[in-house]
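The structure appears below as structure tokens.
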Amino acid sequence: MSFRDALPLDVPADGPAAPSRRSETIRPGLCTLLAATAHADPARVAFVDPKDKAAWSGRAPITWTYGAAAEIVARLASGMRQWRLAPASRVGLIAAPGSETLLSYLAIEAAGHIPCLLPLTWDEDALVAGIQAAGIQAVLTQSQVAGTLPAECLRQAAVRYFGLRYLAAFGPEVPDGVISLDGMVLDGRGGPFAPESAGLVTFAAADPAQPVYRPADALIATIAVHLATARIAPRERILTLLAPVDLRGLVTGLGAALVAGAGLEMFGPFDAGRFAEALARPGPTHLVAPAALERNLAASRSPDGLDSVVLAHRLPTRLHARLLAPASGHGPQRVVDVLAFDESALLTASRADGDLAHFLADAHPLAPFPALLDIARDEDGRFAFRGRASKASPLQRGIPPDKAADLWSAVPFAAKIFAGRATEIVRY
């Protein structure tokens, strides 16, 4: 099971077992891909928790196989189906490092609902605003993360917004009024996954007033475009420093792992010694890191198993001189840049394929997969996208909009050009 060999990724699924007798095809969500790999190779490693997880979450680290993860997702999804929520309801997820967040995201999908990613950094006021703006009716979280108490903060937010009907959390000392997800796993039984994904909701620029809806096929197309450049193979390892709190973190982490059939290890609160230890573990590794760490990575000797480094840029940003180069003697084999145009589009480019600054300065940039993601730039440097991977729209109350893939969508970013190179991407 590789990168699924064809697009769109139409895979039959009926829960963790994915019986082969079904002939119809569907547009899968990420939980469908989890089920497909679990059926084909249940012992393959799916998720690896940080070794120091107990110190900042009160929960022991676990290495999850695809088979075990699919079983837990099935139990969580079955428990959530007991809640009185209409199909495709919006369910929030306060995203933190660790397998709980990954399993929760997949369980929301498997239950037939829409995951809505909420930043762990939001305070109570931001949580109330974001939950209300997105019309969220339930939220999943953890009891404690690195000195914060997300479940308690969520309980206070629920007092202020009566549309929030269900609160659930993993972890020790779950507050009163909050459903224990650990209990749901221990007492529950698995069942079939929802046949299709209803999409997801993220927040542009982490602004609680700007929820953005992306349909399932657009998410899969975005992951496919990223993987065509990042080139991650089955059973390899993705080590990510990004939480799955937005499109950038979700696509380069959980999405890339499940579509490629790879393993995913999330890194918790940053510690240089533990990071070096995690990076040095044997096996082909693909590191996903914020672009701000490029200088530090360039100054360090990379372990032999580091196949690639994905540098994730959050716009606006300056396009500094490239310090990491592929196969430079002591660096990674491949270096990939990912530019996040808020929640509208992700642009992935390999440094081996050319200079990103020249590409962005081109008045008519040539996208490698225009049917999935095409890019244009006008004479003022402003960018627009079209294609299946760019099908994202501001979320309005009621039914999420369905944006046509062949329409151009302008994004609030433009390139500053000097001497034929893009020196900066600014918000206008």
Averaged over all directions, how much area does the convex hull of the C-alpha atoms of segment 351-391 cover when projected, in nm²?
3.0 nm²
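At a 1.4 Å probe radius, carbon and sulfur cover how many percent of the accessible area of the chain?
Numbers: 9330 of 17220 Å².
Answer for the chain: carbon and sulfur cover 54 percent of the accessible area.
Give me the percent relative contact order of segment 117-214, please, defined on Cα pairs under 8 angstrom at least 6 residues apart.
Working: 138 pairs, mean separation 28.8, N = 98.
Reported as a whole number, the value is 29 percent.
Given a Förster distance of 51 Å, report the FRET efficiency between Asp187 and Arg231 from their Cβ-Cβ distance, rounded to the nearest 0.05. Intermediate values should be presented prior to the final figure.
Working: r = 42 Å, r/R0 = 0.83.
That pair, Asp187 with Arg231, gives E of 0.75.
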Counting only the backbone N, which residues of segment 284-312 are under 12 Å from the spot 7 Å out from the Cα of Ala352 toward its beta-carbon?
307-309
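Size of the dipole of the chain about the Cα centre, Lys and Arg at +1 and Asp and Glu at -1 on the beta carbon, nothing else charged, in debye to 20?
Working: 40 positive and 42 negative charges, 40 e Å.
With Lys and Arg at +1 and Asp and Glu at -1, about 200 debye.
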Just to be sure I understand the model, the point goes 7 Å from the Cα along the line to the Cβ. What's the resulting Phe369 to Asp41 distance in nm?
2.0 nm
Step through the residues of segment 341-355 one at a time and calculate ³J(HN,Hα) from phi using the Karplus curve (6.51 cos²θ - 1.76 cosθ + 1.60, θ = phi - 60°), rounding each to whole Hz and writing x for Gly and Pro.
8, 6, 9, 7, 7, 10, 10, 10, 9, 8, 5, 6, 8, x, 8
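Give the value in nm², to one decimal: projected area of the alpha carbon convex hull of the chain, averaged over all directions.
Numbers: hull surface 77.3 nm².
Result: a mean projected hull area of 19.3 nm².
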Size of the dipole of segment 227-271 about the Cα centre, Lys and Arg at +1 and Asp and Glu at -1 on the beta carbon, nothing else charged, in debye to 20?
180 debye
Using only C-alpha positions, report the orientation-averaged shadow area of the convex hull of segment 279-428, nm², one decimal.
10.6 nm²
In nanometres, what is the gap between the two model label sites at Ala86 and Ala419, each 7 Å from Cα along Cα-to-Cβ?
5.9 nm
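For segment 359-428, what's the relative contact order in percent, using C-alpha pairs closer than 8 Å and at least 6 residues apart?
28 percent
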Please give the per residue accessible area of the chain, computed with a probe of 1.4 Å over protein heavy atoms only, in Å².
40 Å²
For segment 290-307, Karplus couplings with θ = phi - 60° (6.51, -1.76, 1.60), whole Hz, Gly/Pro x
x, 4, 4, 8, 4, 4, 5, 5, 5, 7, 10, 7, 7, x, 4, x, 7, 6
May I ask for the equivalent-ellipsoid semi-axes of segment 308-397, computed as the square root of five times each C-alpha gyration tensor eigenvalue and listed largest first in whole Å?
25, 15, 13
Calculate one ³J(HN,Hα) per residue across segment 198-203 by plugging θ = phi - 60° into the Karplus curve 6.51 cos²θ - 1.76 cosθ + 1.60, and present them in order as whole Hz with x for glycine and proline.
8, x, 8, 10, 10, 10
Among rounded, prolate and oblate, which fits segment 274-339 when a ≥ b ≥ c are the square roots of the eigenvalues of its C-alpha gyration tensor, a/c under 1.5 means rounded, and a/b larger than b/c means prolate?
prolate
By accessible area (1.4 Å), largest first, Phe162, Phe369 order as Phe162, Phe369
Label model pair Asp207, Val159: point-to-point distance (7 angstrom along the Cα→beta-carbon line) in nm is 3.0 nm
If you line up the Cα atoms of segment 73-185 on their principal axes, what length do they span on each, largest first, in Å?
31, 28, 23
When the charge dipole of segment 270-412 is computed with +1 on Lys and Arg Cβ and -1 on Asp and Glu Cβ about the Cα centre, the Cα farthest towards its positive end, among Gly305, Ala371, Phe341, belongs to Gly305
Running a GNM on the chain with Cα contacts under 10 Å, which residue among Ile108, Ile220, Ile62 ends up with the highest mean-square fluctuation?
Ile62
For the chain, share of DSSP beta bridges that run antiparallel, in % to the nearest 5
45 percent
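Let me check against my output: what whole-number percent is the relative contact order of segment 261-363, with C-alpha pairs under 8 Å and at least 6 apart?
Details: 132 pairs, mean separation 20.5, N = 103.
With pairs under 8 Å counted, the relative contact order is 20 percent.
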Ellipticity estimate at 222 nm from DSSP helix runs (n ≥ 4, -39,500 (n - 2.57)) divided over the chain, nearest 500:
-7500 deg cm²/dmol
Val288's amide H: which non-local residues (gap 5+, or another chain) put their own amide H closer than 5 Å, with H modeled 1.01 Å from N in plane and none for Pro or chain starts?
Leu239, Thr240, Leu241, Val310
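The values are calculated or read from the model by the stated rules, or taken from the named source; none is laboratory data. Quick caveat: nothing in here was measured; it's all calculated off a predicted structure. Virtual Cβ from ideal backbone geometry, glycine too; neighbours counted across all protein chains shown. To get the accessible areas, we keep the full protein, side chains included, count just its heavy atoms, and leave off ligands, DNA and RNA. Shrake-Rupley method; radii C 1.70, N 1.55, O 1.52, S 1.80 Å.
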